[in-house]
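Beneath this line is the structure, given in structure tokens, with notes to follow.
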Amino acid sequence: MRLFGDKLKQSLTRTRQSFFGRIGSLFGTGEVTDELWDELEELLIQADVGVNTTVALVQEVRDRTRRERVREAAGVFVILKEEMVKAFPTSGPPALPAAPDLAVVLVVGVNGVGKTTSIAKLGRFYQNQGRQVVLAAGDTFRAAAIEQLQVWGGRLGVPVIAGKPGGDPGAVAFDAVASCRARGQDLLIVDTAGRLHTKFNLMEELKKVRRVVQKQLPNAPHATLLVIDATTGQNALAQAEHFARAVDVTGVVLAKLDGTAKGGMAFAIAREMGLPIQFVGTGETLDDLAPFDAATYVEALFA
């Protein structure tokens, strides 16, 4: 966990130097004042924590401060970090069937969020866990998506099951599951189309892919991960709501965390959607994916 913590700390440099760094400076010395609470609330909202989550978080911190009779700002800072950790329902990667049983991970998200790159990073992460990984190019509506996944598959040295551009994503998923079972491979990661979440037909297509997989493996997919671009702010929450309704999202991959000066969206997603953040993208390379740990994340925001 220390290695991932170091990567996470490095990727959050921009975030730490902006809003969360300013939050930390509020609690340097002195007593608790009304101005402190106002400034804390304002900075949390600016950091993309979201209005509802911010109001609830600040109220919880104020209540504890009163109950525990904390008068010094440094003591309030400790409480703040503890309450921020509590905002996350769970930590760590999804629980998957152990090898040699076949585990299926469905990956969803709108175009441009870093979905295909995140799939490649997931592939490397599970390779390092000893899994026999296969990728399925289920985003058949974008020829570039198929080609991009094939390039990543080549770099990883893993098979990529693909059809023709414009083909049936369900057929690709069917062939991929059948191929894994025939060859004894134990982890299938399925890419999916990423048209705008307001397009109803996209959600129906994702449901169909899910049904096709379930016909072959009744308990699959064993995880459905939503990739969210950490730089998109409050729009990410709308994406999470649409996808969660359509395909039973089980967790979130927060991509491009190193590219944002805010970083608070994780709290809004976790608290308002009840979705665990399971991985975070910490850089550009295949190895730059960290299993999410709430305490490590909060410490990295202020370190």
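Worth a mention:
- No other residue among Pro89, Pro97 is assigned to a loop (DSSP other than H, G, I, E, B), touching a strand residue (DSSP E or B) at 6+ places or on another chain (Cβ under 7 Å) and not aromatic (Phe, Trp, Tyr) apart from Pro97.
- Among helices (runs of 4 or more DSSP H) entirely within region 142-254, having at least 2 residues that are more than 23 Å from the chain's Cα centre (by Cα) and over 23 Å from Thr282 (Cα atoms) singles out 143-156, 169-183, 200-216.
- Residues that are surrounded by 22 or more Cβ atoms within 10 Å (Cβ to Cβ) and at pLDDT below 85 within region 241-257 comprise Phe243, Lys256, Leu257, listed in sequence order.
- Only a single criterion out of (1) part of a strand (DSSP E or B); (2) within 13 Å of the chain's Cα centre (by Cα) is not satisfied by Val113, namely (1).
- Tabulated pairs, region 131-149, first of a type in the set (Ser, Thr, Tyr), second part of a helix (DSSP H, G or I) and crowded, with 19+ Cβ neighbours inside 10 Å, C-beta under 9 angstrom, 6+ apart or interchain: Thr140/Ile146; Thr140/Pro169; Thr140/Val172
- Screening Asp168 on (1) of a type in the set (Asp, Glu); (2) surrounded by fewer than 19 Cβ atoms within 10 Å (Cβ to Cβ); (3) in contact (Cβ under 8 Å) with a residue 40 or more places away in the chain shows it passes everything except condition (3).
- Single residue of region 20-79 satisfying the filter (within 25 Å of the chain's Cα centre (by Cα) and of a type in the set (Val, Ile, Thr)) that is surrounded by the most Cβ atoms within 10 Å (Cβ to Cβ): Val49
- Condition check for Ile45: without any contact (Cβ under 8 Å) to a residue 60 or more places away in the chain, of a type in the set (A, V, I, L, M) and under 20 Å from Leu254 (Cα atoms): yes
- Restricting region 124-146 to residues that are modelled with pLDDT of 95 or more and charged (D, E, K, R) leaves a set whose member that is nearest to Gln185 (Cα to Cα) is Arg131.
- Residue pairs whose Cβ atoms lie under 7 Å apart, separated by 6 or more positions or on different chains, with the first residue in region 106-122 and at pLDDT 95 or above and the second basic (Lys, Arg), are Leu106/Arg210; Val107/Lys115.
- Among the candidates Thr29, Thr15, Thr53, residue that is among the hydroxyl-bearing types (Ser, Thr, Tyr), touching a residue at least 40 places away in the same chain (Cβ under 8 Å) and within 20 Å of Leu275 (Cα to Cα): Thr53
- Among (1) buried (at least 17 other Cβ atoms within 10 Å of the Cβ); (2) modelled with pLDDT of 90 or more; (3) over 22 Å from Gln129 (Cα atoms), the one test that Ala295 misses: (1)
- Which listed residue is buried (at least 19 other Cβ atoms within 10 Å of the Cβ), within 27 Å of Gln127 (Cα to Cα) and modelled with pLDDT of 95 or more, from Leu206, Leu187: Leu187
- One residue from Lys86, Lys121 being under 22 Å from the mean Cα position of the chain (by Cα) and surrounded by 18 or more Cβ atoms within 10 Å (Cβ to Cβ): Lys121
- Enumerated helices (runs of 4 or more DSSP H) restricted to region 1-73, each holding at least 1 residues that are touching a His at 6+ places or on another chain (Cβ under 7 Å): none
The values are calculated or read from the model by the stated rules, or taken from the named source; none is laboratory data. Treat the numbers as computed from the prediction; the structure is a model and nothing was measured. Quick reminder, even Gly has a Cβ in these numbers, built from the backbone with ideal geometry, and neighbours come from all protein chains shown.
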